[in-house]
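Asks: Here it is, the structure, as structure tokens.
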Amino acid sequence: MAITITEKAAKHIQKSLTNRGKGIGLRVGVKTSGCSGMAYAIEFVDQIEEHDQTFESQGIKVIVDPKSLVYLNGTELDYVREGLNEGFKFNNPNIQDQCGCGESFTV
């Protein structure tokens, strides 16, 4: 089981952690939301919880809770710029369906 990040995502996360002035990595998870059932959740982490799973990719720690890992296993997190928009993009091999706006998914 693993989650990876691209070089572009790692650079963006490292820059954000530096600007923030603290943090040990990025927490990636899922929550019930949206028209397809689940949505991604991202936040900076200052402390790792007891049952968290930690992965290191491109020099960045990616922290995932055990319940979310089931839905995120094998996911690659990228940072992309498309036109005027930029942000994280999840390349999740577990997705069976996704809403039209791309904000939520079904596994």
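Asks: Please go through (1) modelled with pLDDT under 90; (2) closer than 24 Å to Glu7 by Cβ for Cys99 and return the number of the only condition it doesn't satisfy.
Replies: All conditions pass for Cys99, except number (2).
Asks: Determine which member of the set Val62, Val45 is of a type in the set (Val, Ile, Thr), within 18 Å of Asn91 (Cα to Cα) and out of contact with any His (no Cβ under 6 Å at 6 or more places or on another chain).
Replies: The match here is Val62.
Asks: Suppose we keep only residues that are of a type in the set (Gly, Ala, Ser), under 16 Å from Asn94 (Cβ atoms) and within 16 Å of the chain's Cα centre (by Cα) within the stretch 20-40. Which one would you say is modelled with the lowest pLDDT?
Replies: It comes out as Ala39.
Asks: Please work out which one of (1) buried (at least 17 other Cβ atoms within 10 Å of the Cβ); (2) under 24 Å from Lys15 (Cβ atoms); (3) without any contact (Cβ under 8 Å) to a residue 60 or more places away in the chain is the condition Ala41 fails and give its number.
Replies: Result: Ala41 fails condition (1) only.
Asks: Same structure, new question: Contact list please: Cβ distance under 8 Å, first residue in the stretch 68-85 and farther than 17 Å from Ala10 by Cβ, second residue in a helix (DSSP H, G or I), pairs at least six apart or on different chains.
Replies: Hits for this filter: zero, empty list.
Asks: May I ask you to list the residues in the stretch 1-11 that are modelled with pLDDT of 95 or more and over 12 Å from the mean Cα position of the chain (by Cα)?
Replies: Matches in the stretch 1-11: Glu7, Lys8, Lys11.
Asks: Can you pull out the residues in the stretch 43-84 that are more than 10 Å from Ala2 (Cβ to Cβ) and either in contact with a Leu (Cβ under 9 Å, 6 or more places away or on another chain) or polar (S, T, N, Q) (or both)?
Replies: Of everything in the stretch 43-84, those that are more than 10 Å from Ala2 (Cβ to Cβ) and either in contact with a Leu (Cβ under 9 Å, 6 or more places away or on another chain) or polar (S, T, N, Q) (or both) turn out to be Glu43, Phe44, Val45, Gln47, Thr54, Gln58, Ile60, Lys61, Ile63, Ser68, Leu77.
The values are calculated or read from the model by the stated rules, or taken from the named source; none is laboratory data. Just so we're clear, the structure is a prediction, and the values are computed from it rather than from any experiment. With ideal geometry, Cβ positions are generated from the backbone for all residues, glycine too; neighbour counts draw on all protein chains shown.
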